[in-house]
Amino acid sequence: MTRRIILDCDPGHDDAMAILLAHGAEEIEIAAITTVAGNHTLALTTLNALRLCTLAGIALVPVAAGCAAPLIRELVTAPEIHGTTGLEGHAWGEPTIRVVPEHAVDVIIDLVMASPGEITIVPTGPLTNIAVALRKEPRIAERVREVVLMGGAYTRGNMTPAAEFNVFVDPEAAAIVFDASWPVTMVGLEVTHMALATDDVFSRIEALRTPVSDAVMGMMRFYQEQQLREGGIPAPPVHDPCAVARVARPELVACSDARVEVELAGRLTIGMTVTDFLPRDGRFNAKVGTRLDVDGFWDLFIGALTRLGT
């Protein structure tokens, strides 16, 4: 069965891979792409989404720009990982796809309200748009199919020792999302650090020899260099496509029930997703990813890129 998704993102190299996977996977239909400030400013993340849509021929999907800053905090970006424009590694021309005039929050609300039980929201950046949509129209919590987000961690962070980047950028928004009544799945660092772009993965992508795969190779080589310089990681983790993979083929990401709460006040732990797997009073509010079928994930990804080249 095809799953309709709203992909809420902040491209970013791994968001780019999430967009391409969602477009190329037979199990996914993209209802909208919405952008948020995170890896870069909103202007750049939106431009990058349009560039990717132009590259992959995503012409009939609305792209809507959303929130330019976290709910109450100053924006933190990640140029040390994604470069000065967010998608270095490929020579981008002027995009032919244009952004729609509606705000991303309104696009999210309208799609969910018009299709009860059909839309899965897949956030791969800070959760600002999703939290604002929920505050503006609380009924979306009853009408969304589920929220499958890339973010958080239950062992250690990557932005700080305690916090993963997406949640750290806007922890108040993350707290709103986890506190809502809708079904939430957290695909965090424990899963995404298994999705490593190894030499074998690079060889499989390079062998496709299509315009899309060539662009992916350029972007991923740049991303690899940045990850190696910043963290000593030779095979970079490809975080965001893991959330898309969970929607396309749920069996690829094993999950456990848990209670997730977001730390908002700790001196050293702002943005920590405090995760309790014990059934204290039965108060679970999320499914939390614990393992990834690595071979199945890369087969899904390479298969999607193959379809985009035909």
Amide H neighbours of residue 162 at under 5 Å, excluding residues fewer than 5 places away on the same chain, with H built from the backbone geometry, are 157
Just want to confirm a number: the relative contact order over region 1-142, from Cα pairs under 8 angstrom separated by 6+ residues, in percent.
31
Heavy atoms only, probe 1.4 Å: what % of the accessible area of region 188-251 goes to carbon and sulfur, would you let me know?
52
Along the charge dipole of the chain, Cβ charges K/R +1 and D/E -1, which of 162, 282, 41 sits furthest on the positive end?
282
Would you list 268, 149 from the most to the least accessible area, probe 1.4 Å?
268, 149
I'd like the FRET efficiency for residue 142 and residue 80, computed as 1/(1 + (r/R0)^6) with the beta carbon distance as r and R0 of 45 Å, rounded to 0.05.
0.65
At a 1.4 Å probe radius, carbon and sulfur cover how many percent of the accessible area of region 67-106?
58
What size of dipole, in debye to the nearest 20, comes out for region 214-310 about its Cα centre when the only charges are +1 on Lys and Arg C-beta atoms and -1 on Asp and Glu C-beta atoms?
140
Wrap a convex hull around the Cα atoms of region 33-181, take a quarter of its surface area, and give that in square nanometres.
9.3
Give me the extension gain from residue 280 to residue 251: residue separation times 0.36 nm, minus the current Cα-Cα distance, reported in nm with one decimal.
7.8 nm
Once phi is turned into θ = phi - 60°, what whole-Hz ³J(HN,Hα) does the Karplus curve with 6.51, -1.76 and 1.60 give for every residue of region 57-71, x standing for Gly and Pro?
x, 8, 9, 9, 9, x, 10, 10, 7, x, 7, 8, 7, x, 4
Based on C-alpha coordinates, I'd like the Rg and Dmax of region 1-76, in Å.
12.4, 41
Rolling a 1.4 angstrom probe over the protein chains, ignoring ligands and nucleic acids, what is the accessible area of residue 295 in square angstrom, nearest 10?
110
Region 190-275 - convex hull of the alpha-carbon atoms, volume per residue in Å³:
133
How big is the equivalent ellipsoid of the chain along its three axes, where each semi-axis is √(5λ) from the Cα gyration tensor, reported in whole Å from largest to smallest?
26, 22, 19
With an 8 Å Cα cut-off and a minimum separation of 6 or more residues, compute the relative contact order for the chain in percent.
21
Would you kindly state how much longer the chain becomes between residue 230 and residue 60 on full extension, computed as 0.36 nm times their sequence separation minus their alpha carbon distance, in nm to one decimal?
57.4 nm
For region 275-281, in residue order, the Karplus 3J(HN,Hα) values (coefficients 6.51, -1.76, 1.60; θ = phi - 60°; whole Hz; Gly and Pro = x) are 10, 10, 8, 8, x, 6, 6
The chain, accessible area per residue, ligands and nucleic acids excluded (1.4 Å, Å²)
39
Rounded to the nearest 20 debye, what is the charge dipole size of the chain about its Cα centre when +1 sits on each Lys and Arg Cβ and -1 on each Asp and Glu Cβ?
280
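The values are calculated or read from the model by the stated rules, or taken from the named source; none is laboratory data. Computed from a predicted structure; not experimentally measured. Positions of Cβ are generated from backbone atoms using ideal geometry, with glycine treated the same way; all protein chains shown enter the neighbour counts. Heavy atoms of the whole protein, side chains included, go into the accessibility calculation; ligands, DNA and RNA do not. Shrake-Rupley method; radii C 1.70, N 1.55, O 1.52, S 1.80 Å.
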